[in-house]
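What follows is one structure encoded as structure tokens, with my remarks underneath.
Just so it is clear, none of the values below were taken in a lab; they were calculated from the coordinates. Treat the numbers as computed from the prediction; the structure is a model and nothing was measured. Every residue, glycine as well, gets a Cβ built from its backbone with ideal geometry; the counts of neighbours run over all protein chains shown.
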Amino acid sequence: KCPDDFMVSKLLGEDEDSTVVLAQDISTGKQYAIKILDQEKLAHEDKLSQVQKEQHVISRLKHPFFVKLHYTFEDEKRLYFVLSYAKNGELLSYIEANTSLPLECARFYAAELVLALEYLHRLRIIHRDLKPENILLTDDMHIQITDFGTAKLPNDHRSDLKRTTSFVGTAEYVPPELLTTKRSCISSDLWALGCIIYQMLSGKTPFHDDSEYYVFQKIVSRDFRCPVNMDTDAQDLIGKLLVVDPDGRLGSAGLGGFDKLKSHPFFRGINWQGLHLETPPMMG
Ligand code: ADE
């Protein structure tokens, strides 16, 4: 495959390092999201290794809840990643459009996130930037997690320090251990899961505040409160995920791992085996 095999139809997203466009494979008619990176800019800013790592991580993931890397190619100027297209965009826009999600939707998407994290954790991969902007929705409204640019692979000890010196991620989902010890661990994504469940049900992140400084202060002192009208099982689950000690989070290995997390009362009635084949509840 090469750039000439695709017809670009619109811009899907843009950040400082890349542009994502919607494109159609001319010979099959299939739609893809193509992430385009400028080679010269990457080399200049020493970001080539980050991009190679992202490519490496995504190509290892073979699970319906992750964006799939179909092809890669390059020309003199650019790198191209041909990714599966998540037609319904970011989970964040559904939270914002409804100001929060109906309880059954929050439960369903929390459960899909749990299965996605269980898969990642089995591979010993930490996403490290899990948030509703990086959780895309397919045309049948199942999740497709993206953005592995800051993920950490097993035995990759360099990227811990690297990330903290060039920290740009979203402050509100950062786990306390990253702020206090500059290290993340396999349970760091469970903290983000707690933040996301809270956000799906209340419309706000648990540690939101006016400045990054105040957000960090709240995170390290675990200063959050669930709205009184929030489902009590959800409140209990959030309280067991937002634990300062990573080993104390529900889902961590020492606390019974993902089996224990999946048997929390909030997930009562979830069909864990066939979740990706179910019809997701309506967003309302
Ligand atoms: N924006 C960034 N990546 C995308 C993808 N894979 N599908 C849809 N929109 C995107």
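Which distance in nm do the two modelled labels at Glu45 and Asp209 give, with both placed 7 Å along the Cα-to-Cβ direction?
So the label points at Glu45 and Asp209 sit 2.9 nm apart.
Could you order peptides 236-244, 190-198 by the average number of other Cβ atoms within 10 Å of their residues, highest first? Could the numbers behind the result be given before it?
Details: 236-244: 20.0, 190-198: 25.7.
By packing density, highest mean first, the sequence is 190-198, 236-244.
Starting with the highest mean, order 76-83, 37-44 by the number of other Cβ atoms within 10 Å, averaged over the residues of each peptide. Let's see the in-between values first.
Details: 76-83: 17.4, 37-44: 14.1.
Those peptides, ordered most packed to least, come out 76-83, 37-44.
List the equivalent ellipsoid semi-axes of the stretch 46-122 in whole Å, largest first, each obtained as the square root of 5λ for an eigenvalue λ of the Cα gyration tensor. Mind dumping the intermediate values first?
Working: eigenvalues 177, 54, 24 Å².
Semi-axes (√(5λ), whole Å): 30, 16, 11.
Volume per residue, Å³, of the convex hull around the alpha-carbon atoms of the stretch 42-190? Walk me through the numbers before you get to the answer.
Numbers: hull volume 19.3 nm³, N = 149.
That works out to 129 Å³ per residue.
Take peptides 107-114, 131-138 and line them up by average Cβ neighbours within 10 Å, highest first, as a rough protection proxy. List each step's numbers first, then the result.
Numbers: 107-114: 22.9, 131-138: 20.8.
Per-residue mean Cβ counts within 10 Å order the peptides as 107-114, 131-138.
For Lys35, which lysines qualify as cross-link partners when the Cα separation must be under 22 Å and same-chain residues fewer than eight apart are set aside?
The qualifying lysines are Lys1, Lys10, Lys47, Lys53, Lys62, Lys68, Lys77, Lys87, Lys131, Lys152.
Report the calculated FRET efficiency for His276 and Asp75 (r = Cβ-Cβ distance, R0 = 30 Å), to the nearest 0.05. Please report the intermediate quantities before stating the final value.
Numbers: r = 36 Å, r/R0 = 1.19.
Calculated value: 0.25.
Using every Cα-Cα pair within the chain, state what percent have a distance larger than 35 Å. Intermediate results must be reported in sequence, preceding the final value.
On the way: 6760 of 40186 pairs.
Considering the chain, 17 percent of its Cα-Cα pairs are separated by more than 35 Å.
Whole Å is fine, so just give me how far the alpha carbon centre of the stretch 20-54 lies from that of the stretch 104-135.
Cα centroid of the stretch 20-54 versus Cα centroid of the stretch 104-135: 24 Å apart.
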